[in-house]
Each structure stands twice: as C-alpha cells, then as structure tokens.
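Heads up: the structure comes next, in structure tokens.
The values are calculated or read from the model by the stated rules, or taken from the named source; none is laboratory data. Predicted model only: the values in this text are computed from it and were never measured. Cβ atoms come from the backbone with ideal geometry, glycine included; neighbour counts cover every protein chain shown. Accessible surface is based on the protein model in full, side chains and every heavy atom, while ligands, DNA and RNA are left aside. Shrake-Rupley method; radii C 1.70, N 1.55, O 1.52, S 1.80 Å.
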Amino acid sequence: MTARILMVALDGADGSLVDRLSQNGLLPNLTSLRARGRVKYLTAHAGATDDTLWASFQYAAGMGEHGRYHYLQRLRSGRFGMICTDEVDRETFWETAPNLRIGVFDIPKCRLPRQLNGIHLADWLVHGRYFQEPKSYPAALAGEVVARFGAAPPSQCDHDGPLDDAEAADVLANLRVAVARKRAAALHYLGSDAWDLFIVGFKEAHCAGHALWDLVNEVDPEFDPSRNERLGTPIETILGDIDGAIGDLVAAAGSGTQIIVFSTTAMQPNASLAHLMPEVVNRANRILGESRWTRFVRHVVKLEDRRWWPLCEMLPYNENCTAFRINPAVAFKDGQVDAERSRILDLVETLLMELRDDQTGQPVVAMIDRAASQHAGSRAADLPDLLVHYRAGLCPGSVSSLRLGRIKAIPPILRPGNHAPGGFLIVSGDRLDASDVTGMQNLGTMAINVLHGSGDWPADSAV
C-alpha cells in the first residue's frame, strides 16, 4: 500500500546537528530528501517545553490557543494534574478531516486516542509518557503492537548527571533496539492500508540528547572527543539508525509520496535554579506583602481556597526555566487589574534579574518573558505570567541580591542536555509549500491543505 503524505517526526533531535549531518552525507536518506526538496529551520517560543510543541503540532495552534505549557497544570478543578485530561474539547488536526484515511503512529504527548478514520497509537516508544501503558484506537491496536514488536526497552532519559561508559553503552544499545522496533512496526502498518496521511514519531534522538549531550557539546568542561569515538559516536549512531528507517519508510510509501521530516527543538547544555527557586519565591512574596499568617493558613487550613494561594506562585516546569503566575484572587481587590498586575510583574522581574551567582558574581537569569500576555488566543490566560530563563550550563549552589538576600541549596546533578529553540524541517514533494511554515503549529495544516486539494502549488526553490 502507499501514503499520499508521509510525516516523520524526530522528537528532540537537535536541528543544527540534523542540518549538518544531512548536508555532509552522514545521514544519506535525509541528504537525498533535502537535495530534491527544501529545508527550513523552525522557530518556537524560547523555553517552550516539548509538551507545548507537541500540543502545537497536534492541535495546529499556537500556545495561546491550546494553553498547554507543561504536562502538569492547574485543571478546571483547581488542582494540579495531567493537562491532557482537560483537553477533551480540543480537536486535533487529523480529526478535522474525517474523510481522509490517517495513521498516527506513536506521536508524543497526545491526549487519549479516540475514534478516527484510521489508527492512532500513543505512548509505546516515546519520551515522557502520559499514560501508564500504550493506548490506541482501535483499542486492540496497542496490545497487538506490543505483542508483535515488543515492549519499550529500558530508558535513562532522566538520568541524573553524565553517564559512565557502561551506562552510555546501555543507553545506545536500548535506543537502537527502540529504533529497530519502531521501524519494523511502522513499516508493517504503513503497508497495511492505503493512507492519505501516515505520521510516525521517533523519540530516540530526544533521549540521546538529554543523556549524552556532553559527548558532542564542545563547550562542556568534560567534553572528550576521543571518548565519543570510543563509545561509537552514540548520538550520530542513533540519528544514522533513524535515517535508515526513514529511507525504508520513504521507499515503502511509494514514489509519488509527499515527504515531511521535522525535528522539534535544538539541544543545549542543561541549567537549573529549580533547587533555589522555592525560597526565592517565598522571599519575593514577603516583599510583595504576604504575611506569615497567610502562609500558615495556606499550608495548614485553607489550601483549596484561592484567596489563600500565594500571590506569586511557582508553576511546574522544566529544569532550565521557572514559570510564575500572579494569583488574581489575592492581588486584585480594587478593580485596577491591569495596573496592579503590571506593577507586581515589574517588581518580580526586577527582583529576579538582581540575583547573582555567589561564586562568579554573574547574573543567573538570562531573560524573562511574559508568556500569558505575549501569546494571543482563547487560552492565553492559562499560560505563565512570567517565564524565567536560566543561563545555559549554570547550576549554582547559592545566589544573592541586596533585597532577596543570600539563598543556598545543594545543587542537583543534572542530565547533560536540555531543549532550546531550533527545530528543523525537510519537505520533499511537488505539492508541499512550506513558505508559511514557521513552527510546529503549521505542519498539520500544510499537510491537510494538500490532501484537500488546496496545495497544488509549484515547488519553491527555497524556503
């Protein structure tokens, strides 16, 4: 069987690395696709999590429209929980085309699969599962895949600190097994039907980037190119295995298939102030006027009452950023909502930007942006008010400022790599126009437009 459009997602693959390796022929199938197609770097909001980016992909919407910034958010109930459970009212781009035959094969960070004209497998071989076990539509598909192709091998994506040689070798071996299983299963289901659109995700570059970035990151103080070679160039090897799988999928899809291959992010040295931020927030709230009595009541008596929530609340986020929200139930009592919010945000930003690393004297915050006000959309208010970006590679034991004082905590041992903006796109096909594609939110729309017949444009020479 064939597919009219084949989309291959390289979850977490560093865009610049994919670009370089596909230019110099070390990823020959991607080299071939880009030679007859077009390439483009994707953009994303700085600090956007992979949860955000995959929500943008599946809902074909920006952050302000889908409102997902992390997998744990305040739900409608007021409690923190898995945000995908609050997304039942949102329609994926593949659900907007019920007349098309679509296969969605192991794309990360999807809410529970539901009925469609095709198949949807979720959380088999992905990074960051939302469910305890694979889920699918039809329901029997998940068990069939596991029984026929195998369960997910062990993963060390969230390992604390750099891996030793034996651990790195185990990671490489398990990721290669995962690629092989995904390749075999995707080829089987791709060949089982005549698809309008078949989408398959590979998570292995994501896990390799988190766990093994010190092997390719030349600015890492422990960087040793001879060790990378001795271990078999793990990240390049994983990308090479995925490239081989892409070649097989492209061949199986048919000569007339339109091809879309994309990565979601770049990778950079990890950083964190997460161990220091709880006390930073406590002291900031005191400066903002929170009393000891309020803190006592919040922790002991009235936790469910919004009036006792902290004025400045720290939200769950990744290691390399902190997210804050200002609680309007506490802050805005006189009707001057905009003015009061702006005053509080200005003060919190100033307090954070004053923080210095005690050892170096350098600022620890690289940038602060106001996500909730910078993104338009019906769910923009769900986003953090402030998103605080740390300087790459930084994990101090103590920080200080004149107003917040000295704050110290034992720094965690971080996994080497974390995400940065920098996704990469290759399109190959005479009907695909990527000129309006800027980020993950545009990819599904581009594909559906072609399938609905509105994408019969001449191929552009560059995008």
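Residues that are touching a residue at least 40 places away in the same chain (Cβ under 8 Å) and more than 22 Å from the chain's Cα centre (by Cα): find the helices (runs of 4 or more DSSP H) completely inside segment 1-80 holding 3 or more of those. Lay out the reasoning, then the answer.
Working: elements: 15-23, 28-35, 50-59, 63-66.
So the answer is 28-35.
Filter the strands (runs of 3 or more DSSP E) completely within segment 378-442 down to those with at least 1 residues that are closer than 20 Å to Ala323 by Cβ. Show your work before the answer.
Values: elements: 386-390, 398-401, 405-408, 417-420, 424-428.
The qualifying strands (runs of 3 or more DSSP E) are 386-390, 398-401, 405-408, 417-420.
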Inset, instruction - Would you please name the residue that is most open to solvent (accessible area, probe 1.4 Å), looking only at residues in segment 28-49 that are in contact with a helix residue (DSSP H, G or I) (Cβ under 6 Å, 6 or more places away or on another chain) and within 11 Å of Val250 (Cβ to Cβ)? - result: Asn29
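Got a sec? Which helices (runs of 4 or more DSSP H) wholly within segment 174-273 have at least 2 residues that are open to solvent by 20 Å² or more (accessible area, probe 1.4 Å) and not acidic (Asp, Glu)?
Numbers: elements: 204-212, 225-230, 234-253.
Where helices (runs of 4 or more DSSP H) fall fully within segment 174-273 and carry at least 2 residues being open to solvent by 20 Å² or more (accessible area, probe 1.4 Å) and not acidic (Asp, Glu), they are 225-230, 234-253.
Which of the residues that make up segment 93-106 are part of a loop (DSSP other than H, G, I, E, B), touching a residue at least 24 places away in the same chain (Cβ under 8 Å) and surrounded by fewer than 23 Cβ atoms within 10 Å (Cβ to Cβ)? Explain how you work it out, then say what you get.
First, the residues of segment 93-106 that are part of a loop (DSSP other than H, G, I, E, B): 97-101, 106.
When the remaining residues are screened for being touching a residue at least 24 places away in the same chain (Cβ under 8 Å), the result is 97, 100-101, 106.
Matches in segment 93-106: Ala97, Leu100, Arg101.
Report whether or not Ser373 is of a type in the set (Gly, Ala, Ser), open to solvent by 60 Å² or more (accessible area, probe 1.4 Å) and assigned to a loop (DSSP other than H, G, I, E, B).
Working: of a type in the set (Gly, Ala, Ser): yes; open to solvent by 60 Å² or more (accessible area, probe 1.4 Å): yes; assigned to a loop (DSSP other than H, G, I, E, B): no.
Taking the combined requirement at face value, the residue does not satisfy it.
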Inset, instruction - Tell me which residues, restricted to segment 357-370, are more than 17 Å from His45 (Cα to Cα) and surrounded by fewer than 18 Cβ atoms within 10 Å (Cβ to Cβ). - result: Asp358, Gln359, Thr360, Gly361, Gln362, Pro363
Legend entry - Residue list for segment 133-173, filter: in contact (Cβ under 8 Å) with a residue 40 or more places away in the chain, surrounded by 15 or more Cβ atoms within 10 Å (Cβ to Cβ) and part of a loop (DSSP other than H, G, I, E, B): Ser155, Gln156, Cys157, His159, Pro162, Leu163
Inset, instruction - Name the single residue, out of those in segment 376-417 being open to solvent by less than 20 Å² (accessible area, probe 1.4 Å) and touching a His at 6+ places or on another chain (Cβ under 7 Å), that is nearest to Gly81 (Cα to Cα). - result: Leu383
